[in-house]
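Q: Quick one: the structure is below, questions incoming.
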Amino acid sequence: RLALRRSPPAPPARGCSATLSLQGCADPRPAAAGSSEDPTVLPAMAHEEDTTNNYRIKDIMFFGSPRRILLQSANGPCPLLAICNVLLLRNQLKISTDTRYISFTELVDMLSSFLFDANSAASNGESGADVRENLQSCLEVLPKLNVGLDVNCKFSGPTDFEYTNELVVFDLVDICLFHGWVVSKQDERAYNSFAHLSYNQVVEKLIAMQDAQQAQQVKQEAKEAPPEAPAEARPDDMSGQRSEALQAIVEEGLLIQDFLDRTASQLSYDGLLALHDVVRERQLGVFFRNSHFSVIAKVDGYLYLLCTDIAFAHSHVVWERLDEVDGDTSYYDANFRINDAGSDEAAALAAAQAAQEQFLAGGVAGADPDAVLAMQLMQEDLRANEAANRQAQQQQQQPQPPQHQPRPQETQATSERQPLRQQQGGRQGASAANNAGKNKCCAVQ
């Protein structure tokens, strides 16, 4: 991927001030994700914040292999963390197992060393001058990644961006940068109008639309001005060609405004479909959305984003599935199993299992045997309690054997037959008494 872009395009036109730059790197996810209301995150952990110069490390399992990832602190340098996390998951960068925090300076040094090692052979080849120039530009950009990164996406595809010097970093580390803000090809008017444009150019179109609307309003007011008004107070009538040009500018601006309003989350359904087609199976990349940079991966045909918020430091949640544009998403563990911890006990069991996996990922040889034994005993107690609660719930849900209850008609018929039997019994008793009396009389005679 050393076939880099040769020459940058012309700078944006005057008046453009809406470059998608990262300032503070706000998290685009809903507030509920990773908050204290999430059963997978302990309330005390949800309020932990690290400094912008030190970043916590979390141990996870990635396809059966131990890996270490960096967690995003408050206003952290998301571009640098995303790049480093991709390299960590690829096992191209390694952090010592006894390190729990790492500083921004150490990250920059690690990434700089990797860049030199990965591009040393290419820098001595035929295109060595270009590679060395790009390396120099990259080294100048790295220390600035804790402040911001100018990214200007285009609406034609998930890999289309306007060239900037900062994007050289992604080229040199062989990491693809994606976005999901794509206009539909089925909407021919919108696609032909601004799909080939960048965000800055689209903003310029919106500014031109506002100017055209003001000009049209002035023309309408001039038409409604009274005839006795002085000529200086009435602007000259615009020609027909200018009126048509203004109307075309307004219509194009309305198309752009409608698209931006419908995709305020900077992710469209067509962009999500295009991401499924572009991202390869088991590929790791960086996903840009709402001034936030996340690690994206495709596993078994699904897209996932790496959860790097500091609130997930002690949680078993590792991945977030990217399958909706409105933020209604699901969370998954390191093995890409959905999070079903709906109760406190289930969340505690999942957290204990995640803690054990972190021990194993960090290396069993360096772990404390007493701590491992205590963790195993805690897991056994949690499993026993969960099994007892499940058995009690099953017993409560089992139906009781039905007791025979006589139906109303059957009860009434029984009550009606009882007097009849009593009458028949009385008649039989009277008949027997009469017969006995007759026999007695005959005997006396």
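Q: Among what's in the range 311-321 and is open to solvent by 10 Å² or more (accessible area, probe 1.4 Å) and in contact with a Phe, Trp or Tyr (Cβ under 9 Å, 6 or more places away or on another chain), pick the residue that is nearest to Leu145 (Cα to Cα).
A: For the range 311-321, the residue satisfying everything is Glu320.
Q: Name the residues in the range 323-351 that are of a type in the set (Val, Ile, Thr) and either surrounded by 14 or more Cβ atoms within 10 Å (Cβ to Cβ) or at pLDDT below 60 (or both), would you? So that I can check it myself, show each step before the final result.
A: Restricting attention to the range 323-351, the residues satisfying the condition of being of a type in the set (Val, Ile, Thr) are 325, 329, 338.
Within the range 323-351, Val325, Thr329 meet the criteria.
Q: Also, quick follow-up: Could you check Gln283 against (1) surrounded by fewer than 21 Cβ atoms within 10 Å (Cβ to Cβ); (2) within 30 Å of Ile207 (Cα to Cα); (3) touching a residue at least 60 places away in the same chain (Cβ under 8 Å); (4) not aromatic (Phe, Trp, Tyr) and say which number it fails?
A: Of (1) surrounded by fewer than 21 Cβ atoms within 10 Å (Cβ to Cβ); (2) within 30 Å of Ile207 (Cα to Cα); (3) touching a residue at least 60 places away in the same chain (Cβ under 8 Å); (4) not aromatic (Phe, Trp, Tyr), only one is false for Gln283: (2).
Q: Do you know which residues across the range 304-329 are out of contact with any strand residue (DSSP E or B) (no Cβ under 8 Å at 6 or more places or on another chain) and either at positive phi or among the basic types (Lys, Arg) (or both)? Steps first, answer last, please.
A: Taking the range 304-329 and keeping what is out of contact with any strand residue (DSSP E or B) (no Cβ under 8 Å at 6 or more places or on another chain), we get 311, 314-316, 324, 326-328.
Hit for the range 304-329 is Gly327, nothing else.
Matching residues to (1) touching a residue at least 24 places away in the same chain (Cβ under 8 Å); (2) open to solvent by less than 50 Å² (accessible area, probe 1.4 Å); (3) out of contact with any Phe, Trp or Tyr (no Cβ under 8 Å at 6 or more places or on another chain):
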site: Asn146; (1), (2), (3): yes, no, no
site: Val151; (1), (2), (3): yes, yes, no
site: Lys154; (1), (2), (3): yes, no, no
site: Tyr163; (1), (2), (3): yes, yes, yes
site: Phe170; (1), (2), (3): yes, yes, yes
site: Ile175; (1), (2), (3): yes, yes, yes
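Q: Also, I was wondering about something else. Does Asp109 meet the test of being open to solvent by 10 Å² or more (accessible area, probe 1.4 Å), acidic (Asp, Glu) and over 23 Å from Ser268 (Cα atoms)?
A: Numbers: open to solvent by 10 Å² or more (accessible area, probe 1.4 Å): yes; acidic (Asp, Glu): yes; over 23 Å from Ser268 (Cα atoms): yes.
For Asp109, the condition - open to solvent by 10 Å² or more (accessible area, probe 1.4 Å), acidic (Asp, Glu) and over 23 Å from Ser268 (Cα atoms) - is met.
Q: Determine, yes or no, whether Tyr191 is open to solvent by 30 Å² or more (accessible area, probe 1.4 Å), part of a loop (DSSP other than H, G, I, E, B) and out of contact with any helix residue (DSSP H, G or I) (no Cβ under 9 Å at 6 or more places or on another chain).
A: On the way: open to solvent by 30 Å² or more (accessible area, probe 1.4 Å): yes; part of a loop (DSSP other than H, G, I, E, B): no; out of contact with any helix residue (DSSP H, G or I) (no Cβ under 9 Å at 6 or more places or on another chain): yes.
No.
The values are calculated or read from the model by the stated rules, or taken from the named source; none is laboratory data. Just so it is clear, the structure is predicted and the values come from calculations on it, not from any experiment. Neighbour counts are summed over all protein chains in view; Cβ atoms, including those assigned to glycine, are modelled from backbone coordinates with ideal geometry. Remember, those area values only see protein heavy atoms, side chains included, never the ligands or the DNA or RNA. Shrake-Rupley method; radii C 1.70, N 1.55, O 1.52, S 1.80 Å.
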